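S.K.: Starting off with a structure, shown below.
Computed from the coordinates by the stated procedures, all read-outs in this text should not be read as laboratory data. Model, not experiment: these values are computed from the prediction. Cβ coordinates were reconstructed from backbone atoms using ideal geometry, including for glycine residues, and neighbour counts include every protein chain displayed.
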Amino acid sequence: MKVLVVDDSKLARLTLIKTLKEYEPSAEILEAENGAVAVEVFQAESPRVVFLDLTMPVMDGFEALERMMHINPKAQVVVVSADIQTQAQERVLALGAKLMVPKPINADKMLGVLQQLVF
Amino acid sequence: MNYMLKQCNIVFDSLENGTLVVDEECVVWSWNKWLEINTGIEAESIIEKNLELFYPEVDYKGLQRKIRTTLRLNTPTFYDASLSNRFIQIPRHKITSSLLSFMQLQVTIAPYIPAEKKVMISIHDISDLHELKMTLQQRMKEIALLNSELQQDKQIINANLMIVKTDSGCEIVDATEAFCDFFGYTKGELIGGSLSRFYALDAGSDDFEQMKEVLRNKHRWSGEVEIITKNNDCVWMDTVISPFVDEYGEIISYTAIYHDITDKKRIEMLSVTDPLTKLFNRQKFDDVCRGMLMRRHWTKEYTFGLIIIDVDYFKKVNDTYGHQAGDSVLIEVSDILSQTVRTGDVLARWGGEEFVVLTPDVDSGKVLYAAEKLRRAIEMLEIPAVGKVTASFGVTVFVEGDTQESMLHRSDQALYRAKEKGRNRVESIFS
Amino acid sequence: MESTEFSSDHLDVLRELMNIAMGNATASIADLLQAFGTMHIPHISISDMDGLKSYIEEAVPSDQHSYVTKQLFGGVFGGEFVFVMTNESAANLGHYLYDVDVPSDADILDAVIELTNILSSTIISRLTEELNTKVQFFPPSTEIISGNNLISQEETLNYHRIIIVSTVMEFQSHKISGQIFILTKDGMIQRLRELIDQKLEELYA
């Protein structure tokens with residue numbers, strides 16, 4: 001299973017990958033540090049699941065999400081963001097995100113996410 | 001009231017600041033002793049009542065918002081301490097200053113029993129601090145005002161007053177714009193140069209030495225000096241030079257302030273000058289004569305002489321050639337007399353065709369010689385359209401006990417004698 | 001001195017923690033203002049006094065009056081929280097919070113204090129919570145400053161190293177925005193580094 005982790009923070013990516021691996025040790029992890037790179041990797045690798053940050057340089061998560069959904073409307077994108085405003089949540093869900101999880105990610109949150117995804 | 005709050009009230013009462021507990025609706029649940037004393041409101045009367053009943057002027061929308069924030073974030077919130085009270089007003093009784101009639105409060109709203117939506121509000125009186133701040137601000141304002149006034153004054157001085165600053169060696173360190181403009185120099189050209197180069201006076205002259213002496217003694221010197229501008233114009237300056245001394249009494253700098261008195265000098269000159277001949281007038285002659293009489297060191301061998309000169313047959317010149325020719329005779333005679341007298345002699349027009357000369361530092365022989373020289377000079381003169389003229393001379397010298405009148409009287413008599421004896425000659429009466 | 005050096009990992013951790021903290025703060029303010037705030041990437045740098053001065057000069061407009069609120073916080077990790085709002089933003093905030101067309105100076109000041117309160121407590125609390133430490137807040141004070149001269153001129157004010165954490169709070173629909181600076185110095189930097197090291201150890205354990 002290919003999983004794309006998009007975040008400009010190395011710490012955020014590491015935390016996420018570490019918690020993910022606890023439940024899915026076999027997952028093949030792809031990483032991207034901004035929206036633009038993420039869209040390229042998404043196009044080339046067609047990951048099953050994308051964990052996407054919102055506040056990033058070059059291209060932010062909102063735009064990356066929109067492009068990914070355009071490339072593959074069935075993509076399972078989980079937005080993991082520090083932006084916990086209700087309006088931000090409504091917006092990403094409207095754009096086609098499967099879920100939105102507030103940062104920082106931890107084991108409980110990860111379990112909740114994985115239970116709602118299709119592998 | 002619950003047990004816990006009662007226990008806490010004992011603690012609150014011992015605090016040296018105001019402490020109250022309110023809920024989200026601003027109902028009061030605790031009111032400590034400090035508040036009782038300073039507000040005059042008993043705890044019994046306010047507890048379980050809404051704060052608004054006692055303090056209707058407080059902005060409750062803002063207060064409730066702060067309380068909600070405190071409870072939601074579980075963190076203290078604050079009122080701004082720098083502005084006029086927005087919380088309850090507590091009277092202040094300071095008499096020696098009337099800056100604040102109500103306490104300036106530092107108000108902190110802290111979570112107390114979040115489950116019951118209760119917060120604790122603590123009030124600290126920071127009036128003294130605030131007073132200091134206000135006083136400081138007031139002083140700062142005054143200083144700023146003074147500074148701007150000073151700045152303005154400085155600009156006015158810079159633009160209008162001619163001031164030069166020098167170091168202790170009279171080397172220029174600064175000059176006002178007015179000085180630079182007037183003398184036609186840039187500041188750069190002036191700085192580092194010597195101040196004395198502007199003075200028309202000889203560096204060795206008496207006046208210059210006298211000025212240097214005064215300054216050397218750390219006194220202020222003032223006087224009129226002639227100064228040369230960049231265009232080599234001579235200007236008269238009323239000057240004040242002040243030395244500045246350091247704490248050890250050593251001169252550290254000089255400030256010279258100049259005031260252009262060229263016009264005044266010109267007027268002064270006009271007032272002592274005969275307009276036709278440009279010689280000194282009678283008034284100036286009187287002044288100089290008075291000055292000479294005041295000097296007490298005259299002796300027989302070292303005295304001063306008085307010569308009266310009267311142009312012969314001047315009425316005839318006027319009648320024959322007209323007044324203009326008469327004037328030109330007076331001008332020509334004046335010129336030749338000016339050229340012929342010694343430096344230091346004072347020549348003036350007495351009136352009509354009469355001239356007078358004061359000759360200091362002579363004896364009777366020397367004054368006669370001087371008169372004879374003048375007589376000959378006039379005799380040699382060739383005046384256009386008129387031809388030759390001559391003059392008669394009456395001479396005397398100062399003797400002990402003389403006044404201006406007595407001297408004039410003698411020389412007048414001598415002149416009369418010269419006229420009697422056929423004119424164009426020198427006669428003298430010495431005592 | 002080597003132990004006080006910050007690696008790019010340290011800076012990354014700080015930036016991410018700040019991002020999370022700012023997310024909470026933005027949500028709180030969004031609640032207060034009933035509006036949606038745009039989040040910006042936090043800026044983190046280590047600098048000296050001159051560096052801080054020039055950073056502030058670039059970040060804060062020089063041709064306006066600004067409301068500058070400063071709040072100290074203390075504890076294992078202590079420092080100064082500075083929030084800068086232009087006159088216009090502050091007036092808009094006062095207008096919104098006090099629901100009056102032309103808010104008085106006192107309204108504006110109080111609104112600014114209130115906003116800063118929420119910002120500082122949310123950001124610093126969240127930041128210190130992530131770093132497993134506690135913090136004490138001191139009463140804030142606000143002054144109106146012309147231009148961007150936010151730093152005192154005293155000569156003694158010469159810290160060798162300062163950590164500048166800054167970001168922008170922006171609510172476009174209300175035309176309210178402000179610049180946030182979290183400043184900490186010398187000894188605190190060492191402690192901050194230790195806290196981050198613990199965090200990194202947990203992660204790589």
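S.K.: Roughly how big is chain B's charge dipole about its Cα centre, with Cβ charges of +1 (Lys, Arg) and -1 (Asp, Glu), in debye to the nearest 20?
M.R.: 240
S.K.: What residue among B:Lys218, B:Lys316, B:Lys230 shows peak mean-square fluctuation when chain B is described by a Gaussian network model with Cα springs under 10 Å?
M.R.: Comparing B:Lys218, B:Lys316, B:Lys230 in the GNM, the peak value goes to B:Lys316.
S.K.: How far, in degrees from 0 to 90, does helix B:323-340 lean away from the longest principal axis of the Cα atoms of chain B, to the nearest 10?
M.R.: 80
S.K.: Would you compute, from DSSP H runs of 4+ residues alone, the mean residue ellipticity of chain A at 222 nm, taking -39500 (n - 2.57) per run and dividing by the full residue count, rounded to the nearest 500?
M.R.: -14500 deg cm²/dmol
S.K.: Explain nothing, just the number: dipole magnitude of segment A:1-93 about its Cα centre with +1 on each Lys and Arg Cβ and -1 on each Asp and Glu Cβ, in debye rounded to the nearest 20.
M.R.: I would put it at about 260 debye.
S.K.: Return a whole-number percent for the relative contact order of segment A:2-116, with Cα pairs under 8 Å and 6 or more residues apart as the contact set.
M.R.: Values: 196 pairs, mean separation 29.5, N = 115.
RCO, segment A:2-116: 26 percent.
S.K.: Moving on. For chain A, what log10 I(q)/I(0) values come out of the Debye formula at q = 0.10, 0.11, 0.18 1/Å, with one point per alpha carbon and no solvent?
M.R.: Here the Debye-derived log intensity ratios amount to -0.24, -0.29, -0.84.
S.K.: Find the relative contact order for chain B and round it to a whole percent, using C-alpha pairs within less than 8 Å whose residues are 6+ positions apart.
M.R.: Contact order relative to length: 8 percent.
S.K.: Then there's this: Please report, to one decimal in angstroms, the Kirkwood hydrodynamic radius of segment B:274-428 built from all distinct Cα-Cα pairs.
M.R.: 15.5
S.K.: Among B:Asn232, B:Asn217, B:Ser253, flag the residue with its Cα farthest along the positive direction of the charge dipole of segment B:161-266, charges on Cβ as +1 for Lys/Arg and -1 for Asp/Glu.
M.R.: Towards the positive end, the residue furthest out is B:Asn232.
S.K.: Could you give the dipole magnitude of segment B:248-406 about its Cα centre, charging the beta-carbon of Lys and Arg +1 and that of Asp and Glu -1, in debye to the nearest 20?
M.R.: Dipole of segment B:248-406, to the nearest 20 debye: 60 debye.
S.K.: Just A:Gln76, A:Gln89, A:Gln43 to compare: in a GNM of chain A, with alpha carbon springs under 10 Å, which one fluctuates most?
M.R.: A:Gln43
S.K.: Separate question: For a bin width of 5 Å, list the pair-distance distribution of segment B:3-125 built from all Cα-Cα distances, rounded to whole %.
M.R.: Calculated P(r), rounded to whole percents: 2, 11, 21, 26, 21, 12, 4, 2, 1, 0.
S.K.: Now for a separate question. Listing B:Ser328, C:Ser28 from the residue with the fewest other Cβ atoms within 10 Å to the one with the most, what is the order?
M.R.: On the way: B:Ser328 18, C:Ser28 22.
Ascending number of Cβ neighbours within 10 Å: B:Ser328, C:Ser28.
S.K.: Once R0 is set to 60 Å, what does the formula 1/(1 + (r/R0)^6) return for the Cβ-Cβ distance between B:Leu293 and C:Ser152, expressed as a FRET efficiency to the nearest 0.05?
M.R.: The value I calculate is 0.20.
S.K.: Okay, next question. Which one, B:Phe182, B:Ile378, B:Met120, is farthest towards the positive end of the dipole of chain B when Lys and Arg carry +1 and Asp and Glu -1 on their Cβ?
M.R.: B:Ile378
S.K.: Which whole-number percent gives the relative contact order of segment B:84-187, counting Cα pairs below 8 Å spaced six or more residues apart? Working shown, then result.
M.R.: Numbers: 100 pairs, mean separation 14.4, N = 104.
With pairs under 8 Å counted, the relative contact order is 14 percent.
S.K.: Which of the lysines could be linked to A:Lys18 by a straight reach, that is with a Cα gap under 25 Å, when you skip same-chain ones fewer than 8 residues away?
M.R.: Within reach: A:Lys2, A:Lys10, A:Lys98, A:Lys103, A:Lys109, C:Lys199.
S.K.: Return the calculated 222 nm mean residue ellipticity for chain B, to the nearest 500 deg cm²/dmol, obtained by summing -39500 (n - 2.57) across DSSP H runs with n ≥ 4 and dividing by the residue count.
M.R.: -13000 deg cm²/dmol
S.K.: Which value results when the Cα radius of gyration for the protein assembly as shown is divided by 2.2 N^0.38 Å?
M.R.: Its radius of gyration relative to the 2.2 N^0.38 Å reference: 1.80.
S.K.: Also, quick follow-up: Does anyone have the angle between helix C:87-98 and the longest principal axis of chain C? Alpha-carbon axes, 0 to 90°, nearest 10?
M.R.: Tilt relative to chain C: about 70 degrees.
S.K.: Which parts of segment C:104-129 would a label at C:Ile144 reach, counting a residue when its backbone N lies under 17 Å from a point 7 Å out along Cα-to-Cβ?
M.R.: Only C:104-114 fall inside the zone, counting backbone N under 17 Å.
S.K.: Below 14 angstrom from the Cβ of B:Glu149, what's the summed charge of the other residues (Lys, Arg +1; Asp, Glu -1)? Intermediate results must be reported in sequence, preceding the final value.
M.R.: Numbers: positive: B:Lys141, B:Lys154; negative: B:Glu142, B:Asp153.
Value of the local net charge: 0.
S.K.: Under Stokes-Einstein, with the Kirkwood radius over Cα pairs standing in for Rh, what whole-number D in µm²/s applies to segment B:55-137 at 4 °C and 1.567 mPa s?
M.R.: 93
S.K.: Now a separate question. For segment C:2-204, with the dipole built from +1 on Lys and Arg beta-carbon atoms and -1 on Asp and Glu ones, taken about the Cα centre, which of C:Ser89, C:Leu32, C:Val165 lies farthest toward the positive end?
M.R.: With unit charges placed on the Cβ atoms, the residue in question is C:Leu32.
S.K.: Okay, moving on. For a quick size check, give me the Cα extents of chain B along its three principal axes, largest first, whole Å.
M.R.: Taking max minus min along each principal axis of the Cα atoms, chain B gives 143, 48, 41 Å.
S.K.: Please compute P(r) over all alpha-carbon pairs of chain C, binned at 5 Å starting from zero, and give each bin as a whole-number percent.
M.R.: 1, 7, 15, 20, 20, 16, 10, 6, 3, 1, 0, 0
S.K.: Additional query: What angle do you read, to the nearest 10 degrees and between 0 and 90, between the alpha-carbon axis of helix B:60-73 and the longest principal axis of chain B?
M.R.: Helix B:60-73 and the main axis of chain B meet at about 70 degrees.
S.K.: Same structure, new question: With springs connecting C-alpha atoms under 10 Å apart, model chain B as a Gaussian network and identify which of B:Leu415, B:Leu100, B:Leu146 has the largest mean-square fluctuation.
M.R.: B:Leu100
S.K.: Here's a follow-up. Please give me the summed charge of the neighbours of A:Lys2: other residues whose Cβ is under 13 Å from its Cβ, Lys and Arg +1, Asp and Glu -1. Spell out each step's value before the answer.
M.R.: Working: positive: A:Arg48; negative: A:Glu24, A:Glu28, A:Glu31, A:Glu45.
With Lys, Arg at +1 and Asp, Glu at -1, the net is -3.
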